[in-house]
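Quick notes on the structure that follows.
The values are calculated or read from the model by the stated rules, or taken from the named source; none is laboratory data. No experiment lies behind these values; they were computed from the predicted model shown. Glycine also receives a Cβ, built like all others from the backbone with ideal geometry; neighbour counts cover every protein chain displayed.
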Amino acid sequence: MLEFFCLAIILRKKKKKRKYYRPLTILQRHPSYVRNVKFSPDGSKIVLCSNKTVKILDTASEKKTGILKGHSDIVNDAQFSPDGNMVVSCSDDKTIILWNESSRKKTTELRGHEEAVTTVQFSSDGKTILSSSHDQTIRIWDVHSGQKVVILEQFNNITYAQFSPNNQQIISVSDNRPIEIWDVTKREIILTLGKNTRHERKAKFSSNSRLVVSSKTKKYYYGMRYQEKK
């Protein structure tokens with residue numbers, strides 16, 4: 001049995017002393033919306049999604065070192081593999097593409113989602129890929145074979161999904177539903193978090209998989225802790 005704790009922190013309009021940070025540098029100015037940006041595992045590169053392309057930037061030189069072209073619609077998410085040798089991306093064109101980081105060439109295209117693919121993530125061991133989609137499914141893919149190994153079905157558009165650090169659970173955010181935690185082995189929802197679901201955007205596990213933090217479009221966020229009762 002699972003026990004759930006929730007703490008809401010609301011940003012109120014009060015005059016308080018806050019610590020502000022200045023940008024270290026502006027790497028590039030983009031004429032269009034940047035949908036996602038992430039560091040490589042060693043911090044030497046940045047991958048970002050803009051329009052139908054994935055761009056790779058060098059953090060030392062602050063210059064663009066590569067453009068990955070292959071999607072036919074808006075790219076929603078991209079990430080380096082844990083060893084930094086691959087990049088995975090997903091798009092409104094319903095596809096997921098694996099790229100060789102050094103050659104900047106497409107190695108594998110994963111097809112199966114029937115609507116836009118909203119998020120994509122490598123597992124911590126780099127062996128599988130997690131994807132979520134507006135087709136109301138979460139899918140786990142084998143990196144080596146490119147085949148689907150797990151399909152988790154929902155009843156709403158899934159806007160975000162993420163592995164737990166130990167790859168045993170998945171957290172998902174959907175339209176008009178609570179945040180849900182899935183057991184990968186059982187392939188079922190084991191816990192729902194929160195009640196006000198209209199404005200949920202993203203949710204992430206802590207490094208020990210015991211805490212969850214979520215963001216909303218409103219001016220507050222949630223910190224959540226769950227644990228299994230003995």
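Among the residues making up segment 148-161, a single one is polar (S, T, N, Q) and surrounded by 20 or more Cβ atoms within 10 Å (Cβ to Cβ): GLN154.
Checked against (1) at pLDDT below 95; (2) under 19 Å from PRO41 (Cβ atoms); (3) in contact with a strand residue (DSSP E or B) (Cβ under 6 Å, 6 or more places away or on another chain); (4) not β-branched (Val, Ile, Thr), SER102 meets all criteria but (3). For residues in segment 55-81 being under 15 Å from the mean Cα position of the chain (by Cα) and hydrophobic (A, V, I, L, M, F, W, C), which is nearest to VAL34 (Cα to Cα)? Only one residue fits best here, namely VAL75.
Of the residues contained in segment 106-115, none is found to be part of a loop (DSSP other than H, G, I, E, B) and either of a type in the set (A, V, I, L, M, F, W, C) or closer than 13 Å to VAL47 by Cβ (or both). For residues that are closer than 24 Å to GLU109 by Cβ and modelled with pLDDT of 90 or more, scanning just segment 58-69, find the one that is surrounded by the most Cβ atoms within 10 Å (Cβ to Cβ). Looking at residues that are closer than 24 Å to GLU109 by Cβ and modelled with pLDDT of 90 or more, I get LEU68.
When the criteria are applied in full, GLU188 meets the requirement of being out of contact with any Ser or Thr (no Cβ under 6 Å at 6 or more places or on another chain) and loosely packed, with under 14 Cβ neighbours inside 10 Å. Looking at ILE129, ILE96, ILE74, just one residue is hydrophobic (A, V, I, L, M, F, W, C) and surrounded by fewer than 22 Cβ atoms within 10 Å (Cβ to Cβ), and that residue is ILE74.
What are the residues in segment 105-134 that are touching a residue at least 40 places away in the same chain (Cβ under 8 Å), of a type outside the set (A, V, I, L, M) and in contact with a strand residue (DSSP E or B) (Cβ under 9 Å, 6 or more places away or on another chain), if any? If the condition is that a residue be touching a residue at least 40 places away in the same chain (Cβ under 8 Å), of a type outside the set (A, V, I, L, M) and in contact with a strand residue (DSSP E or B) (Cβ under 9 Å, 6 or more places away or on another chain), then GLU115, THR118, THR119, GLN121, PHE122, SER123, SER124, GLY126, SER131, SER132 are the ones that fit. Summed over segment 165-183, the residues that are within 28 Å of ASN100 (Cβ to Cβ) and buried (at least 20 other Cβ atoms within 10 Å of the Cβ) give a count of 1. Restricting the search to strands (runs of 3 or more DSSP E) fully inside segment 40-89 and requiring at least 2 residues that are among the β-branched types (Val, Ile, Thr) and within 22 Å of ALA116 (Cβ to Cβ) gives 53-58.
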